[in-house]
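Step one of this worksheet: look at the structure below.
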Amino acid sequence: MLKVISLNFQNTIVDFLFYQYDNNEMRFYDKTKFHKHMNFEIHFALNGFYEYEFTDRKILLNKNQMLIIPPGILHKAVDISNSEYEFKILTLKFSSKEADGFHNFFTSAFRQHALESIELQDEIINNVLSLYPVIDAKTYLQSIYLISCASKVFYDLCDLLTDDK
């Protein structure tokens, strides 16, 4: 499942790409191939665990943790718990037409905490989960709600990753 939402911050645009996988889809996922992305990829482990392998390390992501993978980093999922697991993937693309403080703030905050397991509070998990029931918004009101949820999640992530209160 994929959905794109854009938020504007002066000259910076933050594009959200939402992905969701279940056990059936992951059975066919090729875990042997390294791959990379052009954007920040954020993995939220909601139940169970899985391990990511990078060219220089492995990182275990447990329930209620997130992992930020920056653009251009080779990675692959190697072990996923045999028990029930659930995770969400959110991809963020930061783009700016000209030099912009927001762009620098966002990329710096997300790079600073990349490639480490980050504990999540229940509020952040609940806000991430609130996005998915309305991904396929059919009405203007649902679309407004989806944008407000995305804004809240993005604020929560920036707040978690920075000391800039």
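K138: assigned to a loop (DSSP other than H, G, I, E, B), open to solvent by 70 Å² or more (accessible area, probe 1.4 Å) and without any contact (Cβ under 8 Å) to a residue 40 or more places away in the chain, yes or no? Criteria met by K138. Taking the numbered list (1) touching a residue at least 12 places away in the same chain (Cβ under 8 Å); (2) more than 22 Å from F34 (Cβ to Cβ) in turn, S108 passes all entries but (1).
Against the test of being modelled with pLDDT of 90 or more, among the charged types (D, E, K, R) and over 26 Å from S95 (Cα atoms), the options D56, D22 yield a single qualifying residue, D56.
Screening L157, L161, L129, L120 for residues that are modelled with pLDDT under 90 and among the hydrophobic types (A, V, I, L, M, F, W, C) leaves exactly one candidate, L129. On inspection, S117 qualifies as within 15 Å of the chain's Cα centre (by Cα) and either open to solvent by 40 Å² or more (accessible area, probe 1.4 Å) or within 12 Å of Y50 (Cα to Cα) (or both).
So is L129 within 22 Å of Y52 (Cβ to Cβ), hydrophobic (A, V, I, L, M, F, W, C), open to solvent by 10 Å² or more (accessible area, probe 1.4 Å) and part of a helix (DSSP H, G or I) or not? For L129, the condition - within 22 Å of Y52 (Cβ to Cβ), hydrophobic (A, V, I, L, M, F, W, C), open to solvent by 10 Å² or more (accessible area, probe 1.4 Å) and part of a helix (DSSP H, G or I) - is met. Can you tell me which residue in region 62-98 is surrounded by the fewest Cβ atoms within 10 Å (Cβ to Cβ), limited to those that are of a type in the set (A, V, I, L, M) and at pLDDT 90 or above? My answer is L74. Scanning region 141-155 for residues that are closer than 20 Å to I124 by Cα and either of a type outside the set (S, T, N, Q) or open to solvent by 70 Å² or more (accessible area, probe 1.4 Å) (or both) yields I144, Y145, L146, I147, C149, A150, K152, V153, F154, Y155.
Contact annotation: residue pairs with Cβ atoms under 6 Å, 6 or more positions apart or on different chains, pairing a residue in region 58-80 that is at positive phi with a partner that is open to solvent by 40 Å² or more (accessible area, probe 1.4 Å) and assigned to a loop (DSSP other than H, G, I, E, B), are G72/K36.
The values are calculated or read from the model by the stated rules, or taken from the named source; none is laboratory data. Bear in mind the structure is a predicted one, so any value in this text is a computation, not a measurement. Cβ coordinates were reconstructed from backbone atoms using ideal geometry, including for glycine residues, and neighbour counts include every protein chain displayed. Note: accessible area is taken over every heavy atom of the protein model, side chains too, but ligands, DNA and RNA are not part of it. Shrake-Rupley method; radii C 1.70, N 1.55, O 1.52, S 1.80 Å.
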